[in-house]
Amino acid sequence: NGTEAPPEPRPAAASPPSPPAASRDDEEDDEDFQFLLCEGCGQDSAHPRLLGCLHTLCPGCLSDTKQCPLCRAALAAPAVDNLLFSNLRSRLQVWRQIRSSRGPGCSRCRAEAALVWCSDCEEFFCARCFEEHQWWHKKKEHRFRRVEELRAGSVQQFLEDTKTSCSLFCSSASHPEESRVCSVYCPRCERALCCPCALLDTAHAPFRDLRAESHRRQEELRSLRRDLRLLRGSFEAALARLRGEAERREERRQRLRERVQASAERLQQLVRREAEELQALLEARPEPGRSGLAEELRGAEGTLLRLEAAERLAERLGRYGGEQELMDMQPFVRAALLQLQRLRPPRPPEPREPERFAQCRARLRAL
Ligand SMILES: [Zn+2]
Ligand SMILES: [Zn+2]
Ligand SMILES: [Zn+2]
Ligand SMILES: [Zn+2]
Ligand SMILES: [Zn+2]
Ligand SMILES: [Zn+2]
């Protein structure tokens, strides 16, 4: 049919050694890549922004630039593009195209089905467009993979391959027309340079190999992560202690509240019982054998009645009685009158009140 099958791709570059199994233990299962969604609203965003607190938000969630809406950290520096997330997102989009039921279409002619993925161009090619691509880039070979082969692999493998195949291009302004791959790192400028640019930047020598620098940064990140994990451990412990203390305080508060309630009830009962006892004390009759004021009062009233009656009878006997009555009754009446004459009016009452009044008063004061 005139179109040649694309040549066999070169074997993929050896993938970097995967981190030791121990360090993977606590890593979350990132299979579904949910972490690429905005941590604020959960929406997909093509331009996620990374905050100083290392939370990632979509531009829509970043209205309050003074404070992270998730952890409330104050944000001194403005947010930056989260290149890791946006690039990973586009790589995953490529992967989804590869795995889609119809397969990816050619990025150039947009007519044919794609057979090859060029990771330098980051484009899909049909057989004919790929031929053209190979002719165009015959000077510097591009790394490419067959779509079929990628499709058979896993997403992890695809991401691993695209990670190692991405080239960093020199951003120097000295050669705007030509994109050159970086291979040198200038520690003074803190950026990657292409070889010719490094030759011009003589004042900053010695330079580092870009791969070595990248490896060093990986190592540094790994050791920072280890320190962070330790720090997180101590924060978690401190948080647990704080929570425990808060719980204990709440328990103590609750116990005290119950004790206050119980004491109040006990006191109420006590006071009520005391009041009843005091009432009873006030109403009590004097003990037998000791005369009370009320008894004395009754006695005096009775005596007064007897005196009045005696006086009246004596007077009537004198006024209306004849000899007969005087002879018969006088001795009896006289004896009764003589008996009455021996009576003496009661002494004025003592001002001292009964013992139990004082008792009652004292107990009231004690209450
Ligand atoms: Zn958002
Ligand atoms: Zn935050
Ligand atoms: Zn094409
Ligand atoms: Zn290419
Ligand atoms: Zn420099
Ligand atoms: Zn350059």
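Dipole size in debye (nearest 20) for segment 217-285 around its Cα centre, Lys and Arg Cβ +1, Asp and Glu Cβ -1?
On the way: 19 positive and 14 negative charges, 116 e Å.
Approximately 560 debye in magnitude.
The angle between the Cα long axis of helix 83-99 and the longest principal axis of the Cα atoms of the chain comes to about 70 degrees, rounded to the nearest 10.
Under the criterion of Cα pairs below 8 Å and six or more residues apart, the relative contact order for the chain equals 8 percent.
Here each label is just a point 7 Å from Cα along the line to Cβ, and for residue 122 and residue 141 those points are 2.4 nm apart.
The length gained by stretching the chain between residue 72 and residue 157 to full extension, at 0.36 nm per residue less their Cα-Cα distance, is 26.9 nm. Close amide H contacts of residue 116 (hydrogens built in the peptide plane, cut-off under 5 Å, sequence separation of 5 or more or a different chain): 125, 147. For helix 210-283, report the angle its Cα long axis makes with the longest principal axis of the Cα atoms of the chain; keep it between 0 and 90° and round to the nearest 10°. Helix 210-283 and the main axis of the chain meet at about 10 degrees. Rounded to the nearest whole Hz, the Karplus-based 3J(HN,Hα) values (6.51 cos²θ - 1.76 cosθ + 1.60, θ = phi - 60°) of segment 301-312 follow the sequence 4, x, 4, 4, 4, 5, 4, 4, 4, 5, 4, 5, with x at glycine and proline.
If a spin label sat at a point 7 angstrom from the Cα of residue 242 along the line to its beta carbon, no backbone N atom of segment 41-81 would be nearer than 12 Å. Note on segment 304-335 and segment 38-61: Cα centroid distance 126 Å, given to the nearest whole angstrom.
The angle separating the long axis of helix 127-136 from the principal Cα axis of greatest extent in the chain is about 70 degrees. Database remark: amide H of residue 182 closer than 5 angstrom to the amide H of 168, 169, 170 (H placed geometrically; neighbours at sequence offset of 5 or more, or on other chains; Pro and chain starts carry no H).
The ranking of 41, 360, 106 by Cβ neighbour count inside 10 Å, starting from the fewest, reads 41, 360, 106. Of all lysines in the structure, those lying under 25 Å Cα to Cα from residue 163, and not within fewer than 8 positions of it along the same chain, are 138, 139, 140. Couplings 3J(HN,Hα) for segment 148-163, derived from phi with the Karplus relation 6.51 cos²θ - 1.76 cosθ + 1.60 (θ = phi - 60°), are 3, 5, 4, 4, 6, x, 9, 5, 4, 5, 4, 5, 4, 5, 5, 5 Hz, where x marks Gly and Pro.
No value in this document is a laboratory result; all are computed from the given coordinates. Because the structure is a prediction, the values reported are computed rather than measured. Positions of Cβ are backbone-derived with ideal geometry, glycine not excepted, and every protein chain shown enters the neighbour counts.
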